[in-house]
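**Student:** Below: one structure in structure tokens.
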Amino acid sequence: MANRTAGARRSVILRAAADLFAARGFHGVSIEDLGRAVGTSGPALYRHFPGKDALLAAMLLDISERLAADGEARVAAARDPREALEALLRGHIAFALGEPALITVHDRELGNVPAPERRRIRRLQRGYVEQWVGVLGELRPAARPACLRAAVHATFGLLNSTPHSADELPPEAMTELLLAMGRAALLAEAAEDGAGKAAAPPSGRSASR
């Protein structure tokens, strides 16, 4: 029971910290500010986190682990690659619409995470990207992995735009818009095909001429 209570309290602190860091920046928030946001004193937070940088690390590690685990589960449950891609898109869109503060904090503050935790976050994120690349590779077998990886990163940029755009539409409409745009971005082959043609030497001529 005590562990569940401590875990719930930790989650409340992380959510409040994400909102504050997104609004004011990591360096613009004191430990006292964090304490007031959750109805306690700043020093009382040290029972949960050894410092503000450890709190930031825990926040970004938590979301990286959740995304990786959720992506793995969605791919495993899908009946085919197209269903897996749809599930990945829906999962990421749910995160993007539900946690815009975390997106802002990650984009701005990852450099303030201590190096060991930052490396772990990066490893988790690379693994998450490769889940998408694996699924996309089954749908576009002729595409090079580097092109698929670039498409996934570009799509994340699109989906993670919610801190700027989510309030423009109701959540259901925003979900459908992002789904349509995400599918189109990931399955588009024209740009990649064009790049391949540009790289090929003219027919009947040596590439060195």
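**Student:** Calculate the spin-label point distance for Arg66 paired with Ala154, positioning each point 7 Å from the Cα along the beta-carbon direction, and give it in nanometres.
**Tutor:** Taking the simple label geometry, Ala154 and Arg66 are separated by 2.9 nm.
**Student:** How much accessible area per residue does the range 53-187 have, counting only protein heavy atoms and a probe of 1.4 Å, in square angstrom? Please report the intermediate quantities before stating the final value.
**Tutor:** On the way: 6610 Å² over 135 residues.
Result: 49 Å² per residue.
**Student:** Moving on to the next point. Taking the Cα centre of the chain as origin, work out the dipole magnitude from +1 charges on Lys and Arg Cβ and -1 charges on Asp and Glu Cβ, in debye rounded to 20.
**Tutor:** On the way: 27 positive and 24 negative charges, 155 e Å.
The dipole of the chain has a size of about 740 debye.
**Student:** Let me ask something else. What does the charge add up to near Phe49, with Lys and Arg as +1, Asp and Glu as -1, over the other residues with Cβ less than 13 Å from its Cβ?
**Tutor:** Result for the neighbourhood of Phe49: +1.
**Student:** Return one number: the angle in degrees, 0 to 90 and rounded to the nearest 10, between the long axis of the Cα atoms of helix 115-139 and the longest principal axis of the Cα atoms of the chain.
**Tutor:** Around 40 degrees separate the two axes.
**Student:** What does the helix-only formula give at 222 nm for the chain: each DSSP H stretch with n ≥ 4 adding -39500 (n - 2.57), the total divided by the residues, and the result rounded to the nearest 500 deg cm²/dmol?
**Tutor:** Mean residue ellipticity, 222 nm, calculated: -24500 deg cm²/dmol.
**Student:** Would you check the accessible area of Val38, probe 1.4 Å, heavy atoms only, in square angstrom rounded to 10?
**Tutor:** 20
**Student:** Which distance in nm do the two modelled labels at Glu172 and His27 give, with both placed 7 Å along the Cα-to-Cβ direction?
**Tutor:** Distance between the two pseudo-spin positions: 4.5 nm.
**Student:** Please work out how much length the chain gains when fully extended from Asp53 to Arg36, using 0.36 nm per residue of separation minus the C-alpha to C-alpha distance, in nm with one decimal.
**Tutor:** Working: separation 17, 0.36 × 17 = 6.12 nm, distance 1.79 nm.
That pair, Asp53 and Arg36, stretches by 4.3 nm at full extension.
**Student:** For the range 28-131, which chymotrypsin sites (Phe, Trp or Tyr not before Pro) are both in a DSSP coil and crowded by at most 16 other Cβ atoms within 10 Å?
**Tutor:** Those that pass, being in a loop and sparsely packed, number zero.
**Student:** Separate question: Please name whichever of Val29, Phe49, His153 sits farthest to the positive end of the charge dipole of the chain, dipole taken about the Cα centre and charges placed at Cβ: Lys and Arg +1, Asp and Glu -1.
**Tutor:** Phe49
**Student:** For the chain, what does the relative contact order come out to in percent, with C-alpha contacts under 8 Å and a separation of six or more?
**Tutor:** On the way: 164 pairs, mean separation 42.7, N = 209.
Here the relative contact order equals 20 percent.
**Student:** Determine one quarter of the surface area of the Cα convex hull of the range 53-187, which equals its mean projected area, and express it in nm² to one decimal.
**Tutor:** Dividing the Cα hull surface by four gives the mean projection, 8.0 nm².
**Student:** Calculate how steeply helix 171-187 sits against the longest principal axis of the alpha-carbon atoms of the chain, using the helix alpha-carbon long axis, and give the answer as 0 to 90 degrees to the nearest 10.
**Tutor:** Between the helix axis and the principal axis of the chain, the angle is about 40 degrees.
**Student:** Rounded to the nearest 10 Å², what accessible area does Arg74 have for a 1.4 Å probe in the complete protein model?
**Tutor:** About 80 Å², rounded to the nearest 10.
**Student:** Roughly what angle does helix 145-159 make with the longest principal axis of the chain, taking Cα atoms, 0 to 90 degrees, to the nearest 10?
**Tutor:** Taking Cα atoms only, the helix is inclined about 50 degrees.
**Student:** Carbon and sulfur together cover what percent of the accessible area of the chain at a 1.4 Å probe radius?
**Tutor:** Of the solvent-accessible surface of the chain, carbon and sulfur hold 55 percent.
The values are calculated or read from the model by the stated rules, or taken from the named source; none is laboratory data. Since this is a predicted model, take the numbers as computed values, not measurements. When we count neighbours, we look across all protein chains shown, and the Cβ atoms used for this are built from the backbone with ideal geometry, even at glycine. Ligands, DNA and RNA are stripped out before the accessible areas are found, and what is left, the full protein with its side chains, is counted by its heavy atoms. Shrake-Rupley method; radii C 1.70, N 1.55, O 1.52, S 1.80 Å.
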